[in-house]
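A.B. asks: Structure incoming, see below.
Taken together, the values in this text are just the output of simple stated rules run on the coordinates, not laboratory data. Fair warning: this is a prediction, and the values are worked out from it, not measured in the lab. Positions of Cβ are generated from backbone atoms using ideal geometry, with glycine treated the same way; all protein chains shown enter the neighbour counts.
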Amino acid sequence: MSFLSFPFPVSLKAPAVRALLLQLLSFVIVVAGVLLFWRAAGQVLPVWLLAILQGSIAATLTRWRAMASWWLPIQLFFAPALVLVFGWQLPSWIFLLAFLLMLGLYWSTYRTQVPLYLSGQRVWHAVNQLLPERPLRGIDIGSGLGGLVLDLARRRPDSRFFGIELAPLPWLFSWLRARLRGSSACFLRGDYQTLDFSSFDVVFAYLSPVAMPPLWAKFQAEMPVGALLVSYEFAIEEHPADEIHQPIKAGPYLYVWHKH
Ligand SMILES: C[S@@+](CC[C@H](N)C(=O)[O-])C[C@H]1O[C@@H](n2cnc3c(N)ncnc32)[C@H](O)[C@@H]1O
C-alpha cells in the first residue's frame, strides 16, 4: 500500500514521509542500542550523545535510500537541534512560529515533491536569450521568490511575464517585490496544474523529476504551436529536448522543447 488515508491521504513514497520513517527506524536502532548498553554496562548514555547517534544513523539510512542530498543535513541535525532547543527551554510560541514559517515556505512540498530552491542570474540570463524577439507571454510555474519573472519583466518591457506559486510566503514575497519595484510582473497564488497554459508562449519550470511527465502532457495538450517549454535541471526521459544549454559551467542543463 503506498497511501495512508488518515487524517488525509499521505503517500508513503513522499520524501518527507520517507525521511520521517527513517528517523523512526533510527530511533528504534538507538533504543535497542541503549538497552544493550544498559544491560552490558549498567549505564545510560547521555542525551546529547543519543541525539548525535540518532542523527548520524538517520543520515546514513537516508544516504542508503539514495534520497536527495539536501535531506542529509536535515536528518543529521534534526534530533540534536531538538535536544538543544528543549535544553534552552525556549517559550512555546517560538515552536509555533517556526512551524508556521516552514508551513508558509514549504506548504504542499510533501505532496508536490518540489521544495523551494532557487535558480540564479546566470539561468535567468540564459532563459532571456532563448526568448523569441516578438512580444510574448511567459510564465514561471513554481515561481519561488520571483527572481526570474522580475528579471524577464525588466529586460523585456514588450512582453508580459507571470509567476504562479503554491506556497504562500514565497508568493507574498514575490508579489511585494513586484509592487515595490513597480514591475509589470504578475504573481498568482495557486497550483500550476490547474492553470490553462494555452495563452502562454513560454513556460519555464524548475521543479523535480516527478513533475516532468505530467508537465509534458500539459505542454502537448494546451500550448500553441511554436510555444516553448524550458526546464532547468530536469529532463523528460522519453522526450529528448530540442535544445540543451548549460548556463553554469559544470552545472545543471537547461532543456528546451519546441511545440510542433
Ligand atoms: C525549485 S523552486 C523554483 C523557484 C523558481 N522558479 C526559481 O527558478 O528560482 C520550485 C517552486 O515550485 C513551487 N511549486 C511546487 N509545486 C507547485 C505547483 N503545483 N504549483 C505552483 N507552485 C509549485 C514550490 O513551492 C517552489 O517554490
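A.B. asks: Given a Förster radius of 22 Å and the C-beta distance between I94 and L172 as r, what FRET efficiency does 1/(1 + (r/R0)^6) yield to the nearest 0.05?
C.D. replies: On the way: r = 22 Å, r/R0 = 0.98.
Efficiency, rounded to the nearest 0.05: 0.55.
A.B. asks: Under a crude label model (7 Å from the Cα following the beta-carbon direction), how far is H260 from A32 in nanometres?
C.D. replies: 5.5
A.B. asks: How much length is gained if the chain between Q246 and L105 is pulled fully straight, taking 0.36 nm per residue apart and subtracting their Cα-Cα distance, in nm to one decimal?
C.D. replies: Details: separation 141, 0.36 × 141 = 50.76 nm, distance 2.84 nm.
So the extension gain works out to 47.9 nm.
A.B. asks: Using the Karplus curve 6.51 cos²θ - 1.76 cosθ + 1.60 with θ = phi - 60°, what ³J(HN,Hα) values do you get for each residue of segment 140-152, in whole Hz, with x for Gly and Pro?
C.D. replies: After applying 6.51 cos²θ - 1.76 cosθ + 1.60, I find 9, 8, x, 7, x, 8, x, x, 5, 5, 5, 5, 5 Hz.
A.B. asks: Now, a different point. Tell me the volume per residue, in Å³, of the convex hull enclosing the alpha carbons of the chain.
C.D. replies: Values: hull volume 44.9 nm³, N = 260.
Given the Cα convex hull of the chain, per-residue volume reads 173 Å³.
A.B. asks: How far apart, in nm, are the 7 Å Cα→Cβ label points at E238 and R65?
C.D. replies: Output for this residue pair reads 2.8 nm.
A.B. asks: Under the Karplus relation 6.51 cos²θ - 1.76 cosθ + 1.60, θ = phi - 60°, what is the ordered set of whole-Hz ³J(HN,Hα) values for segment 41-46, x standing for Gly and Pro?
C.D. replies: 10, x, 10, 10, 6, x
A.B. asks: Please give, to one decimal in nm, the separation of the simple spin-label points placed at D158 and L21, each 7 Å out from Cα toward the Cβ.
C.D. replies: It works out to 5.3 nm between the two label points.
A.B. asks: In degrees, nearest 10, range 0 to 90: what is the angle between the Cα axis of helix 47-64 and the longest Cα principal axis of the chain?
C.D. replies: Helix 47-64 sits roughly 50 degrees off the main axis of the chain.
A.B. asks: Which shape class, rounded, prolate or oblate, goes with segment 121-258 when its Cα gyration tensor gives a ≥ b ≥ c as root eigenvalues, a/c under 1.5 marks rounded, and past that a/b bigger than b/c marks prolate?
C.D. replies: Details: a/c = 1.41, a/b = 1.30, b/c = 1.08.
Rounded is the answer for segment 121-258, as its axis ratio a/c remains below 1.5.
A.B. asks: Could you tell me the center-to-center distance, by alpha carbons, between segment 53-71 and segment 95-153 in angstrom?
C.D. replies: The two parts, judged by their Cα centres, are 27 Å apart.
A.B. asks: Related question: In terms of modelled amide H atoms, which long-range or inter-chain residues lie less than 5 Å from the amide H of L188?
C.D. replies: G163, I164, E165
A.B. asks: On to the next question. Once R0 is set to 25 Å, what does the formula 1/(1 + (r/R0)^6) return for the Cβ-Cβ distance between S198 and E133, expressed as a FRET efficiency to the nearest 0.05? Walk me through the numbers on the way to the answer.
C.D. replies: Values: r = 22 Å, r/R0 = 0.88.
It comes out at approximately 0.70.
A.B. asks: For a paramagnetic label modelled at 7 Å from the Cα of Q220 toward its Cβ, which residues of segment 228-260 fall within the zone defined by backbone nitrogen distances under 11 Å?
C.D. replies: Answer for segment 228-260: 238-239.
A.B. asks: Turning to a different aspect of this structure: What is the fewest-to-most order of I52, I248, I139 by other Cβ atoms lying within 10 Å of their Cβ? Can you show the working numbers first?
C.D. replies: Values: I52 17, I248 14, I139 23.
Taking fewest neighbouring Cβ atoms as first place, the list is I248, I52, I139.
A.B. asks: Whole-Hz Karplus ³J(HN,Hα) for segment 219-226, in order, using 6.51 cos²θ - 1.76 cosθ + 1.60 and θ = phi - 60°, x for Gly and Pro?
C.D. replies: 4, 5, 7, 10, 8, x, 4, x
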